[in-house]
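The block underneath contains the structure these notes are about, expressed in structure tokens.
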Amino acid sequence: MGGLSLHGAPAPSAAGVPQEIVDALKGLKDADAAGRQKTYTFLAEKGDARLIPALKAYKDGSLQLRDDRLVIFGDRLTVPGKGSVLPLVDALSGQNVLGPDGQPIYFAKVDLSKAIKAPPRMEKNAILELTSALSLLDPDPKARLTSIRDVSERAARALPDPADATRFLEETAKCSASLTSRLGGKPGADAASAIRDAVAAMAAATSERPAAPASPAPSDAATAKVKSALRKVQDVLKQAAPDAAADDTITPILAAASAYQDRLEMRKKILDELPKTAAALRRQLDKDPNGPFASALHEAVASIDLVVGDPAARIAAAKALGSIGTSRAANLLRKAVDISGRSADSDLHAAADAALRSADRYQTEVHFVQNTFAGLSAGSILVLLALGLSIIFGLMGVINMAHGEFMMVGAFTTYVVAEAFKAHLPGAYDYYLLAAIPAAFIVAGAVGFVVEWLVIRHLYGRPLETLLATWGIGLFLIQAVRWKFGDTLSVTPPKWMEGGVEVAPDLVFPLNRVFIIGFCGLCIAVVYFMVNRTKLGLMLRATTQNREMAAALGVATRRVDGFTFALGAGLAGLAGVAVPLYNKINPSIGQEYIVDSFMVVVVGGVGKLAGAVWAGLGLGFLGKYIEPILGSVPWLASGASVIGKVLVLALIIIFLQRRPQGLFPPKGRVADA
């Protein structure tokens, strides 16, 4: 396969990329350093995002020129009759390269015999900067938005980080104290002079204040003087005692100074790059001021202005970022407040501080909405479980400790269906849930029907025995699934469920959670209709409320018992469909939910479906509100999750003390039963 030629193939396609750009990329093969730099500049001016894959491949040494065509290897795939292969694709269009027979060209292994030599190491940063700039025009909307937002992060990295200077200054203080103490030992004149110079250089670096918000303190020049003075001390001491060991007080500060200078160099590169990036962003804004990327572009431009703009532009940028209020804006404003305070820029400090308070208020609102959504999502899972448990426990009086395991059966059924789609219908994998939902309900319901027929029907009216029996059944199901599937597994969600819906800046609702909430709502509607509007629901209610009267009227109560238990188990299986969409599954996963499910049923009111819904959502909200509050307390943060569960349990106990029959107590004859 690796010996195929491109001769006779259709004309090369460069996805509409101008020929001058294609020629410039090909010219990298024989260009010298000056020629390559000229090419990088030319490509940056052209600003075509379709060059990114080719440039990345060139940087890694995998861009190939085969028969005057720029190509790269695509992702490895399995082709019937060829096994695992690497497709050859056009570096600019991403389309498969076709051979003389009109079929895609595949390679069994990587062949870089015709690759363009990778650039020298010193040029790779230039290529990274080029690809970063080009990504601002990426044709993929998600990639483009991510690249624009990354500008704000780069702008924040351009501001001096107090932590960087602190580490260097801590070593400076230690070394200065050590060298000062040496002067008390009356070293030789040369050593004393060198030590005094070093101590003075370190004192100057320590006392230096930033000249402007974007200026580091200590500066690179002051740090270089410290290093030079300390190296002189090392040389003098070495001359005085050639056999002496290396000085343990000087070596650490030299290392800290070098690390600090490396960070300053990185900042300098970012500062040099930001004005060019700002110009590119403004061109996009001018071209489409109200487009889908306008908000992100305004934020990125304001972030750059806050770092490299003039005083008036910095103040305007701070106000703009405060009104935008994203976490990126808040992070940048927090650094601006600190730095402007140390540089005595009172105007910027006041503007940035006010803007930061505005951004923090917005973030508080965002976190509240996020916690509310997370509580709704977590409550939806509890509601799905509690619906089935409410029927089994509330209406049949069976304490079903295996209810969580029925959910686990539904989860592993979903896994089996997903794997079957991967193996036999890979093109339809995004629709595997259409098969998994009924499959999970049927399998879990069938297991429940068998359990009721073999065990439960012999234990009606004996709640303690049903508790022990179902606990043993749960252990059996766990071990059976572990024997068949092993321990931890995961299910890949459909592609349409990846990512989220951004309803406001920084407020993203994950699509998998949106699906779970909608799925829960649909299940609630179906169960309500079935229980209250169908003949099966009528027989179910009649049997559970007055078995003798129902039997006298001709209802097959034993059969209804079996179907009722199967229905409750099937609903637990539907909850198992939702769990793998956001979490890994294992045979013991049901035990994580069973206690919460019983609490939902008891709080809502035994046998009340409406109570299960309201209690499930309420407990979901309560847990998601309490945990972040505990997490904000430093000495409680590590155990916030466990403490939150304990507090929720305590609140439930207090509630049941005041209202022992739950939110929806039974009424009428049922209350007297």
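If you take the residues of the range 27-50 that are in a helix (DSSP H, G or I) and touching a residue at least 60 places away in the same chain (Cβ under 8 Å), which of them is surrounded by the fewest Cβ atoms within 10 Å (Cβ to Cβ)? Taking the candidates together, the pick is Ala33.
Within the range 582-593, restricting attention to residues that are part of a helix (DSSP H, G or I) and surrounded by fewer than 20 Cβ atoms within 10 Å (Cβ to Cβ), the residue that is nearest to the chain's Cα centre (by Cα) is Glu592.
Among residues of the range 48-86 being basic (Lys, Arg) and in contact with a Pro (Cβ under 8 Å, 6 or more places away or on another chain), the one that is farthest from Ser135 (Cα to Cα) is Arg69.
What residue, of Arg144, Arg182, is touching a Phe, Trp or Tyr at 6+ places or on another chain (Cβ under 8 Å) and either surrounded by 14 or more Cβ atoms within 10 Å (Cβ to Cβ) or hydrophobic (A, V, I, L, M, F, W, C) (or both)?
Being touching a Phe, Trp or Tyr at 6+ places or on another chain (Cβ under 8 Å) and either surrounded by 14 or more Cβ atoms within 10 Å (Cβ to Cβ) or hydrophobic (A, V, I, L, M, F, W, C) (or both) holds for just one of Arg144, Arg182, which is Arg144.
Out of Ser390, Ser377, one residue alone is under 30 Å from Gly644 (Cβ atoms), surrounded by fewer than 24 Cβ atoms within 10 Å (Cβ to Cβ), at pLDDT below 90 and not β-branched (Val, Ile, Thr). It is Ser377. When the range 173-204 is filtered for residues that are under 15 Å from Arg231 (Cβ atoms) and in contact (Cβ under 8 Å) with a residue 60 or more places away in the chain, the ones remaining, listed by number, are Cys175, Leu179.
Within the range 145-159, the set of residues being touching a residue at least 60 places away in the same chain (Cβ under 8 Å), touching a Ser or Thr at 6+ places or on another chain (Cβ under 7 Å) and of a type outside the set (A, V, I, L, M) comprises Ser152 only. I need the full set of residues from the range 220-235 which are surrounded by 15 or more Cβ atoms within 10 Å (Cβ to Cβ) and without any contact (Cβ under 8 Å) to a residue 24 or more places away in the chain, in order please. Once the filter is applied, which keeps residues that are surrounded by 15 or more Cβ atoms within 10 Å (Cβ to Cβ) and without any contact (Cβ under 8 Å) to a residue 24 or more places away in the chain, the range 220-235 yields Ala222, Gln234.
Residue selection: Val555 satisfies the criterion of being modelled with pLDDT under 80 and not in a helix (DSSP H, G or I).
Considering only the range 573-587, I want to know if a residue exists there that is at pLDDT below 85 and of a type in the set (Val, Ile, Thr). No: zero hits. Note on the range 324-364: residues that are within 25 Å of the chain's Cα centre (by Cα), open to solvent by less than 20 Å² (accessible area, probe 1.4 Å) and β-branched (Val, Ile, Thr) total 1.
Scanning the range 393-402 for residues that are open to solvent by 10 Å² or more (accessible area, probe 1.4 Å) and at pLDDT 85 or above yields one hit, Met401.
Checking the structure you have, find out if any residue of the range 88-96 is in contact with a Ser or Thr (Cβ under 8 Å, 6 or more places away or on another chain), crowded, with 19+ Cβ neighbours inside 10 Å and part of a strand (DSSP E or B). Checked the range 88-96: at least one residue is in contact with a Ser or Thr (Cβ under 8 Å, 6 or more places away or on another chain), crowded, with 19+ Cβ neighbours inside 10 Å and part of a strand (DSSP E or B).
Conditions tested, residue by residue: (1) part of a helix (DSSP H, G or I); (2) among the hydrophobic types (A, V, I, L, M, F, W, C).
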| position | (1), (2) |
| --- | --- |
| Asp101 | no, no |
| Ser113 | no, no |
| Ile127 | yes, yes |
| Leu136 | yes, yes |
| Thr146 | yes, no |
| Arg149 | yes, no |
| Asp164 | yes, no |
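Residue by residue through the range 278-323, note down the ones that are touching a residue at least 60 places away in the same chain (Cβ under 8 Å) and over 29 Å from the mean Cα position of the chain (by Cα). The answer is Val308, Arg314.
If I ask for residues that are assigned to a helix (DSSP H, G or I) and surrounded by fewer than 14 Cβ atoms within 10 Å (Cβ to Cβ), which ones from the range 484-502 would you list?
Scanning the range 484-502 gives Lys484, Lys495, Trp496.
Residues in the range 503-546 that are outside any helix (DSSP H, G or I), in contact with a Phe, Trp or Tyr (Cβ under 7 Å, 6 or more places away or on another chain) and open to solvent by less than 60 Å² (accessible area, probe 1.4 Å): Phe509 only.
The values are calculated or read from the model by the stated rules, or taken from the named source; none is laboratory data. As the structure is a computational prediction, the values presented were derived from the model and not from experiment. Positions of Cβ are backbone-derived with ideal geometry, glycine not excepted, and every protein chain shown enters the neighbour counts. Calculation scope for accessible area: heavy atoms of the full protein, side chains included, ligands and nucleic acids excluded. Shrake-Rupley method; radii C 1.70, N 1.55, O 1.52, S 1.80 Å.
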